[in-house]
Amino acid sequence: APRGGRPAGALSFKPIPPNTLDTVIVPNGYDHCVVVRWGEPILPGAAQLDVRNQTGERQSRQFGYNNDFLAVLPLDKRGRSALLVANHEYTNEELMFPGFTGHDALTVDQVRAAMAAHGMSVVELERVDDTGQWVVVRKGPRRYNRRITTLATRFALTGPVAGSTWVRTAADPRGRTVIGTLNNCAGGVTPWGTVLSGEENFNQYFVGGDAVPAELKPKFERYGITTKARYPSGSRKWERADERFDLAKHPNEAHRFGWIVEVDPYEPDSRPRKHTALGRFKHEGANVIVAKSGHVVAYMGDDERFDYLYKFVSDKKMMKGDSAAARRHNLTLLESGTLYVAKLGFTSAGEIDGSGRLPSDGAFNGTGRWIKLVSGDRSYVPGMTAVEVLTFTRLAGDAVGATKMDRPEDVEPNPVTGKIYVALTNNSNRGVGSNAPADEANPRNANKHGQIVELTEDGGDHTAESFSWSLPIVCGDPADPATYFAGYDKSRVSPISCPDNVAFDSSGNLWISTDGNALGSNDGLFATAVEGPERGHLKQFLTVPPGAETCGPFITADDRSVFVAVQHPGEVSGASIEKPASTWPDGDFAKPAVVCTWRLDGGHIGS
Ligand code: FEO
Ligand code: CA
Ligand code: CA
Ligand code: CA
């Protein structure tokens, strides 16, 4: 049992101040370590990172780049060993390859190294003594260690779109098997112990959209794939290593990305799957909760300015227990169900002027409806088949008038209260030009700092088709009147900007990590109570080095460890491996890495 400190629940740590230091800072009484970093050997026979000689084959056996989502899953009953699962969202070639002068100049080996640095990793961890510190297992069979890469890993498509004409290609005429996963951002752990991962900005990997058939162009454009030029600016030029990234030759390849991926880390040889029943968009992630009825419900965001919030309700009910039959059954839960998009109603619509000033009823709040888009093979969107709704889900959301949000990132149910929290990261275009103006849920024009939505399903039923919502936090410098922290004394609140990932400790406290702090300091991790008198008392727990965003975060079930992924340290305009903006964590050049934080006295994190 944890020693010392207060009971779980109260967040009593002393907040750390905003800073721009090239290190990870944690509160007094805490420590941290780097668990694993880009390029570390994790599979048998792997080479050490050698930035002058990276190839696809070498990188395929090393920890990938730009760790984002993290899960730490128990591997034994005593809490001594665990599996770390990490997403690798994208690559910064300028920070990976010496002498980088542009994507055109990369060798094909380097392109293949970048492809292999995308995907996911599974790494065995062990606890250090009786502390909250975890380290990588360095010896022994490590039979769960795994790399999933864009270069070579085969994924099965499930659900209504699998096998359809939209996903058939020359290499896969049956439309059922995809090589690789792209831009895996956030994710979630399912109640049955698997990991979900969102394929987010997959558009950036494709060229040749100018040459696709005219009728496809509006669909590509809606997904951010340019159809105006053969090579979009900043193009990664992956088609030099793998022709399928040229849409002029293989237009359907783009439709094979933008899905929610499910991986079973406990079965290292299992084939990961892309679940088409959950729709196709720039998936930030997906988080599942079991409804009272036993159906499972996945909450999801489409991270683009003016895009939508979604939920999926399974057809089948979850089977409890660890039996082989239950496991097999639960692995099918995300293969069939109903997909909804959110439409919000407002209580103070007439008072919203884009300034972020609180309305006279004292709250940004309202009700809302989940609009049914598709259920199994049945479409509820006029003019679109079920397969089209799932493949071009953004167009379906447009057609039913879903509410345009300020970039929905993580959407996650609080396991203690069942309320759902949405990180809306920012929206510089809100109310600008002909773009949608501020509304009560997105109450600031040119929104630089983002906000948090709290959503409560009617009757506490996750399968409900109606809900209520409010904004507990409107982010920014608390001295700025256009911020809100649930009415808490703002002089005691930490400044926060650009919320991205959310997580909960076992007491239901809300932890928020940030990406792109528009207040000028480094990004970090924050925590606040969301119930009781401390609701809105947001405090900064950790900061990451310059140029990095804070991802993960993951609080272990025993509340003794917080993991964060430090993504793209040193990603600063003009920086390179020779001219680094950060040299974290090793003092030579910047490496994305996973950090574990624990309390020196062994007590509960945060308390
Ligand atoms: Fe990859 Fe929406 O952050
Ligand atoms: Ca109101
Ligand atoms: Ca994110
Ligand atoms: Ca982000």
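Values quoted throughout were computed directly from the atomic coordinates according to the rules given, and no laboratory measurement underlies them. What you see is a predicted model; the values in this text were computed from it and never measured. When we count neighbours, we look across all protein chains shown, and the Cβ atoms used for this are built from the backbone with ideal geometry, even at glycine.
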Handout entry: Stretchable slack from Thr417 to Thr107, in nm (0.36 nm times residue separation minus alpha-carbon distance)
Key = 106.4 nm
Practice task
Counting only C-alpha contacts under 8 Å and six or more residues apart, can you give the relative contact order of the chain as a whole percent?
Solution key: 17
Completion exercise
Pseudo-spin-label distance Asp588 to Ser428, built 7 Å along Cα→Cβ, given in nm, is 3.5
Problem - Dipole magnitude of the range 222-311, debye to nearest 20 (Cβ charges: Lys/Arg +1, Asp/Glu -1, about Cα centre) - result: 380
Problem - By average C-beta atoms within 10 angstrom, highest first, the peptides 340-353, 463-476 - result: 463-476, 340-353
Completion exercise
In nanometres, the difference between 0.36 nm per residue of separation and the alpha-carbon distance of Arg271 and Arg176 is 33.0 nm
Practice task
For the range 236-290, take the alpha-carbon Rg, divide it by the Kirkwood Rh, and send me Rg/Rh.
Solution key: 1.07
Handout entry: Computed over the range 71-220: relative contact order in percent, which uses C-alpha pairs under 8 Å that are six or more apart
Key = 20
Practice task
Under 21 Å Cα to Cα from Lys77, which lysines show up? Leave out anything in the same chain fewer than 8 places away.
Solution key: Lys139, Lys320
Problem - Whichever lysines have a C-alpha closer than 27 Å to that of Lys404, once near sequence neighbours (fewer than 8 apart) are set aside - result: Lys217, Lys219, Lys228, Lys274, Lys282, Lys311, Lys343, Lys372, Lys419, Lys448
Handout entry: In range of the label at Glu531: residues from the range 391-419 whose backbone nitrogen is under 16 Å from the point 7 Å along Cα→Cβ
Key = 413-419
Completion exercise
Between Leu600 and Glu215, the FRET efficiency computed from the C-beta separation at R0 = 56 Å comes out, to the nearest 0.05, as 0.35
Practice task
Quick one: dipole size for the chain, taken about the Cα centre, charges +1 on Lys/Arg Cβ and -1 on Asp/Glu Cβ, in debye to the nearest 20.
Solution key: 1320
Handout entry: Arg168 versus Thr20: modelled label distance in nm, points set 7 Å from Cα along the beta carbon direction
Key = 5.7
Handout entry: aspartates and glutamates with Cα under 13 Å of Lys579, excluding same-chain neighbours fewer than 8 positions away
Key = Glu94, Glu571, Asp588
Exercise for the section: Quick one: Debye curve from the alpha-carbon atoms of the range 402-549 only, equal weights, vacuum; give me log10 I(q)/I(0) at q = 0.10, 0.14, 0.16 Å⁻¹ to two decimals. Expected result: -0.32, -0.64, -0.84
Practice task
Can you tell me the dipole magnitude for the range 308-411 around its Cα centre, using point charges on the Cβ only (Lys, Arg +1; Asp, Glu -1), in Debye to the nearest 20?
Solution key: 440
Practice task
Could you work out the Kirkwood radius for the range 38-77, taking every pair of different alpha carbons, averaging 1/r and inverting it, reported in Å?
Solution key: 11.5
Practice task
Express in nm, to one decimal, how much length is gained between Arg138 and Ser233 on full extension, taking 0.36 nm for each residue of separation and deducting their alpha carbon distance.
Solution key: 30.0 nm
Handout entry: Net +/- balance of residues flanking Lys404 in space, Cβ distance below 12 Å, scoring K and R +1, D and E -1
Key = -1
Fill in the blank from the handout: Relative contact order in percent for the range 149-274 (Cα pairs under 8 Å, 6+ apart) equals 29
Fill in the blank from the handout: A student applying the Cα gyration tensor rule (rounded when a/c is under 1.5; otherwise prolate if a/b is larger than b/c, oblate if not) would label the range 336-423 prolate
Completion exercise
By the mean-Cβ-within-10 Å protection proxy, highest first, 83-89, 266-272 rank as 83-89, 266-272
Fill in the blank from the handout: Sorted largest first, the Cα spans of the range 1-143 on the principal axes come out in Å as 57, 41, 19
Problem - Distant alpha-carbon pairs in the range 164-245 (separation over 21 angstrom), percent - result: 41
Fill in the blank from the handout: Sorted on mean Cβ neighbours within 10 Å (highest first), peptides 14-23, 417-426 come out as 417-426, 14-23
Completion exercise
Taking every C-alpha to C-alpha distance in the range 471-546 and binning by 5 Å from 0, the per-bin percentages run 3, 17, 30, 27, 16, 5, 1
Problem - Cα lying deepest toward the dipole's positive end in the range 326-399, options Asn365, Gly354, Asn330, charges on Cβ - result: Asn330
Exercise for the section: Evaluate E = 1/(1 + (r/R0)^6) for Ser466 and Asp315, where r is the Cβ-Cβ distance and R0 equals 35 Å; express this FRET efficiency to the nearest 0.05. Expected result: 0.95
Handout entry: Gyration tensor (alpha-carbon) shape descriptor, the chain, a/c threshold 1.5
Key = rounded
Exercise for the section: Using a/c under 1.5 as the rounded threshold, could you call the range 171-309 rounded, prolate or oblate? The axes a ≥ b ≥ c are square roots of the C-alpha gyration tensor eigenvalues, and prolate needs a/b larger than b/c, oblate otherwise. Expected result: prolate
Exercise for the section: Count the DSSP beta bridges whose two residues both fall in the chain, then state the antiparallel fraction as a percent rounded to the nearest 5. Expected result: 95
Handout entry: Calculated [θ] (222 nm, deg cm²/dmol) that DSSP helices of n ≥ 4 give over the chain, each run adding -39,500 (n - 2.57)
Key = -1500 deg cm²/dmol
